[in-house]
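**Student:** Could you have a look at this structure, given as structure tokens, before my questions?
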């Protein structure tokens, strides 16, 4: 808080909180985006939070780097997927080349093409995981000004999704 004209007012950038930006949907309000990387069954492997006005493609490489090692079979544990399925927001040649260098096959809907690429049959898994997370109302609408608190609730929500899937398989 900053003293201005005999009263305390929020300082610059303090009103919306960190990791917020103008929402592309509602122009007058700040917002944030949640980015998820899930496996083929919808279990969250990595998650990030960014401002609403940030480009989605900027979160692709940090999401891949955040995937923990998956053990189980003899040998080195796996750290990256075989392929990444994404929507048009992730169609950028520079990042697709980086994926190929890492040995990951990108399956991305191309920009400036007609809809109906068929990826909706595969991407529904991610959308279902977002629906599971947004059942937790605290993640649907961001009430927290501090990004670390919202990031912690996002991590808890992902843990709850994993726990519920584990409990239902028993």
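FYI, it's all coordinate maths here, none of it is from the lab. Source: prediction; values computed, not measured. Heads up, the Cβs are rebuilt from the backbone with ideal geometry, glycines too, and the neighbour counts pull from every protein chain shown.
**Student:** State, to one decimal in nm, how far the label point of residue 138 lies from the label point of residue 167, with both points 7 Å from Cα in the Cβ direction.
**Tutor:** Rounded to a tenth, the inter-label distance reads 1.6 nm.
**Student:** Using the per-residue mean of other Cβ atoms lying within 10 Å as a proxy for protection, in what order, highest first, do the peptides 55-67, 157-169 fall?
**Tutor:** 55-67, 157-169
**Student:** Neighbouring Cβ atoms within 10 Å as the yardstick, rank 122, 45 fewest first.
**Tutor:** 122, 45
**Student:** Suppose R0 equals 22 Å. What FRET efficiency, 1/(1 + (r/R0)^6) with r the Cβ-Cβ distance, do residue 123 and residue 152 give to the nearest 0.05?
**Tutor:** 0.25
**Student:** Let me ask something else about it. By counting other Cβ atoms within 10 Å of each Cβ, how are 19, 127, 93 ranked from fewest to most?
**Tutor:** Neighbour counts put them in this order, fewest first: 93, 127, 19.
**Student:** So for 41, 105, 129, fewest C-beta neighbours within 10 Å to most, what's the order?
**Tutor:** 41, 105, 129
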